[in-house]
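Written out below as structure tokens is the structure these notes cover.
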Amino acid sequence: MADITIYHNPKCGTSRNVLALIRNTGVEPVVIEYLQTPPTRAKLLELIAQMAVPVREVMRRKETLYEALALANPGLDDNALVDAMLAHPILINRPIVVTTLGTRLCRPSEAVLDILPLPQRAAFRKEDGEVLVNEQGERVAGR
């Protein structure tokens, strides 16, 4: 069985779509509702390193707190940004998915298809009705 972990916010449509795509492979992932159980500093840094992205890319820049805390300030270093995410987990962008094939911030939700070790078992539509996977379990072209 495939080991998959999702850092999830059930209030986020993208996060719900990603969770449903994972389940569409027949796997029940480890679901970490990171607002209730935030990652430690070590775990957050590990996830960022595994994704090989800048710290700012992992931040929710559309969150009002981002502006309120002046986190767009280019003078802030990575440690200050990580401190802000640890103090205010709502600033962590989601969903982050960890599989045996990699770790990824899955925005848009279909990005998870690139790191799922098992194929889709059925057709899949996002909550907004957009088709991502056809009846044969194949990714729709352009997605």
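The values are calculated or read from the model by the stated rules, or taken from the named source; none is laboratory data. Quantities reported herein were computed from a predicted structural model and do not represent experimental measurements. For neighbour counting, all protein chains shown are included, and Cβ atoms are generated from backbone atoms with ideal geometry for every residue, glycine included. Surface areas here come from the heavy atoms of the whole protein model, side chains and all, with no ligands, DNA or RNA. Shrake-Rupley method; radii C 1.70, N 1.55, O 1.52, S 1.80 Å.
Which peptide among 119-129, 4-14 comes first, and what is the full order, when sorted by highest mean count of other Cβ atoms within 10 Å? List each step's numbers first, then the result.
Values: 119-129: 13.8, 4-14: 18.7.
Those peptides, ordered most packed to least, come out 4-14, 119-129.
Assuming R0 = 41 Å, what is the FRET efficiency of Arg23 and Arg56, from their Cβ-Cβ distance, to the nearest 0.05?
Working: r = 31 Å, r/R0 = 0.75.
The computed FRET efficiency comes out at 0.85.
At a 1.4 Å probe radius, carbon and sulfur cover how many percent of the accessible area of the stretch 1-119? Before the final figure, lay out each step's value.
Numbers: 3150 of 5860 Å².
The value for the stretch 1-119 is 54 percent carbon and sulfur by accessible area.
Mind pulling the angle between the C-alpha long axis of helix 13-23 and the longest principal axis of the chain? Nearest 10 degrees, somewhere in 0 to 90.
Taking Cα atoms only, the helix is inclined about 50 degrees.
Which far-off residues, 5 or more places away or on another chain, put their amide H under 5 Å from the one on Ala123, with H placed in the peptide plane?
Close amide H contacts, sequence-distant or interchain: Gly137.
How big is the antiparallel share of DSSP beta bridges in the chain, given as a percent to the nearest 5?
Details: 11 of 15 bridges.
Bridges in the chain are about 75 percent antiparallel.
Express the accessible area of the stretch 1-127 per residue in Å², computed with a 1.4 Å probe while the remaining protein chains stay in the model.
Values: 6470 Å² over 127 residues.
With all protein chains present, the stretch 1-127 gives 51 Å² per residue.
Enumerate the whole-percent occupancy of each 5 Å bin, from 0 to the last occupied one, for all C-alpha pair distances of the stretch 41-125.
So the P(r) values, bin by bin, are 3, 13, 24, 21, 15, 10, 7, 4, 2, 0.
Over the stretch 1-90, one equal point on each Cα, no solvent: what is log10 I(q)/I(0) by the Debye formula at q = 0.10 Å⁻¹?
Debye curve over Cα of the stretch 1-90, log10 I(q)/I(0) at q = 0.10 Å⁻¹: -0.29.
Output ³J(HN,Hα) for the stretch 106-114: one whole-Hz value per residue in order, computed from phi by the Karplus curve 6.51 cos²θ - 1.76 cosθ + 1.60 with θ = phi - 60°, and x for Gly and Pro.
Along the stretch 106-114, the couplings run 8, 10, x, 4, 5, 4, 5, 4, 6 Hz.
Compute the angle between helix 78-87 and the longest alpha-carbon principal axis of the chain, please, reported from 0 to 90 degrees and rounded to the nearest 10.
That helix lies at roughly 70 degrees to the long axis.
For Lys43 and Asp77, calculate 0.36 nm times their separation in residues minus their Cα-Cα distance, and state this gained length in nm to one decimal. Don't skip to the end; give the middle numbers.
Details: separation 34, 0.36 × 34 = 12.24 nm, distance 1.85 nm.
Stretched out fully, the Lys43 to Asp77 stretch lengthens by 10.4 nm.
In whole Å, what is the distance between the alpha-carbon centres of the stretch 113-143 and the stretch 6-63?
19
Below 8 Å between Cα atoms, with a sequence gap of 6+, how large is the relative contact order for the chain in percent? Provide the component values of the computation, followed by the final result.
On the way: 215 pairs, mean separation 39.9, N = 143.
The normalised contact order for the chain reaches 28 percent.
How high is the relative contact order of the stretch 82-143? Use alpha-carbon pairs under 8 Å, at least six apart in sequence, and give a whole percent.
Details: 73 pairs, mean separation 11.3, N = 62.
With pairs under 8 Å counted, the relative contact order is 18 percent.
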